[in-house]
1. Name every residue in segment 111-141 that is among the acidic types (Asp, Glu) and either at pLDDT below 95 or part of a helix (DSSP H, G or I) (or both), in order of residue number.
2. What do you reckon, is Gly245 at positive phi and either out of contact with any His (no Cβ under 7 Å at 6 or more places or on another chain) or crowded, with 23+ Cβ neighbours inside 10 Å (or both)?
3. Residue by residue through segment 102-114, note down the ones that are away from the ligand (no atom under 16 Å from the Cβ) and closer than 17 Å to Ala183 by Cβ.
4. From the residues in segment 172-190 that are within 14 Å of the ligand (Cβ to nearest atom) and hydrophobic (A, V, I, L, M, F, W, C), which one is farthest from Asn299 (Cα to Cα)?
5. Which condition does Met85 not pass, out of (1) under 16 Å from Phe43 (Cβ atoms); (2) among the aliphatic types (A, V, I, L, M); (3) over 19 Å from the mean Cα position of the chain (by Cα), if it passes all the others?
6. Given Ala58, Ala96, Ala20, Ala108, which one is open to solvent by less than 10 Å² (accessible area, probe 1.4 Å) and in a strand (DSSP E or B)?
7. Only one of Val99, Val136, Val169 is more than 22 Å from Phe70 (Cα to Cα) and away from the ligand (no atom under 16 Å from the Cβ). Can you tell me which?
Amino acid sequence: MKHYLTTDDIDSVPKIIEEAIALKKDPYQAEQLGKRKTLGMLFFNSSLRTRLSTQKAAMQLGMQVMVMNFSGEAWSLEFEDGSVMNGSTSEHIREAAAVISQYCDIIAVRAFPTLTDKDKDEEEYVLKSFQKYASVPIVNMESATAHPLQALTDAITITELKTRKKPKVVLSWAPHPKALPHAVANSFTSMMQKMDVEFVITHPVGYELNPEVTGDTPIVYDQDEALKDADFVYVKNWSSYKDYGKVLHSDPAWRISQDKMALTNNGKFMHCLPVRRNVIVDDAVLDSPQSVVIQQANNRTFAAQVVLKQILESL
Ligand code: CP
């Protein structure tokens, strides 16, 4: 693997899941691979799981890790070529990415969307600028449109927990007071399209994801209908894509309750976390045996570890 920017950078989904599960059984099996190699983790936004699990994954491969929060710590970056930098930005991405590449063997970046400038977000200007001006591999720790480490985690979790060969997986929108990105839903959709699952998306009218991402995946506007016989219920909020970045409504009828979970095939509740209790999902579901969010978060380490391992092997 040269970079991990989207789920399309995975050669074989079944093979990478198998390799991740093997790493989970023996996390230090490749601890010599990353010896004297450095991972630089650059955060333009907050994180708990991505930061700690990716750092843990790198350490289990024997890597050194450096972390930098760009908001508040680093010079503010300019991304426009040819700009006259007499405003608020202090350093151009051209120098920053080139300099960081001398300190790090792999650079991992988290940079959320603006949710106001659709074209800029779809260009993935932060992630793609690092890819363009860095001379080392780039790992996406959640960008404007994609969260491929989360999607790989979810694929591992579904593979571990499925009780039938081709499980039914439902991605359900749920209410949230703030405008949230599409990245998790996009990458989860792309990943499910690569797996042997019956995959359905459910959301209110107006919350359609980018049609280039959803493709032929069935969209069911009746949440109860979609949840019937589901083996996995993957819940996430996202803002409108068409009316870009807007919260159209936050109908509490879409919150996941025990009554909704009762429609499923004893389905497992999944969420990438962090989750707002009693807004997205009731306490009774999150605290029930049907919730697998903690196991899911544990798999973040092995998703990151298998990606870093495959990149280290290609250096
Ligand atoms: N799921 C996820 O990416 O969590 P963090 O935002 O805490 O990293």
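1. Within segment 111-141, the subset among the acidic types (Asp, Glu) is 117, 119, 121-124.
Passing the criteria: Asp119, Asp121, Glu122, Glu123.
2. Details: at positive phi: yes; either out of contact with any His (no Cβ under 7 Å at 6 or more places or on another chain) or crowded, with 23+ Cβ neighbours inside 10 Å (or both): yes.
Spelling it out, Gly245 is indeed at positive phi and either out of contact with any His (no Cβ under 7 Å at 6 or more places or on another chain) or crowded, with 23+ Cβ neighbours inside 10 Å (or both).
3. Going through segment 102-114, the residues away from the ligand (no atom under 16 Å from the Cβ) turn out to be 102-107, 114.
Passing the criteria: only Thr114.
4. Leu180
5. Result: Met85 fails condition (1) only.
6. Numbers: Ala58 fails: in a strand (DSSP E or B); Ala96 fails: in a strand (DSSP E or B); Ala20 fails: in a strand (DSSP E or B).
Result of the check over Ala58, Ala96, Ala20, Ala108: Ala108.
7. Working: Val99 fails: more than 22 Å from Phe70 (Cα to Cα); Val136 fails: more than 22 Å from Phe70 (Cα to Cα).
The unique qualifying residue is Val169.
Results for (1) within 16 Å of the ligand (Cβ to nearest atom); (2) in contact with a Leu (Cβ under 7 Å, 6 or more places away or on another chain); (3) within 23 Å of Glu160 (Cβ to Cβ); (4) without any contact (Cβ under 8 Å) to a residue 24 or more places away in the chain, shown as yes or no for each residue.
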site	(1), (2), (3), (4)
His3	no, no, no, no
Asp11	no, no, yes, yes
Ala30	no, yes, yes, no
Ser53	yes, no, yes, no
Leu61	no, yes, yes, no
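The values are calculated or read from the model by the stated rules, or taken from the named source; none is laboratory data. Just so you know, these numbers come straight off a predicted model, no measurement behind them. All Cβ positions, even for glycine, are placed from backbone atoms using ideal geometry, and neighbour counts span all protein chains on display. Accessible surface is based on the protein model in full, side chains and every heavy atom, while ligands, DNA and RNA are left aside. Shrake-Rupley method; radii C 1.70, N 1.55, O 1.52, S 1.80 Å.
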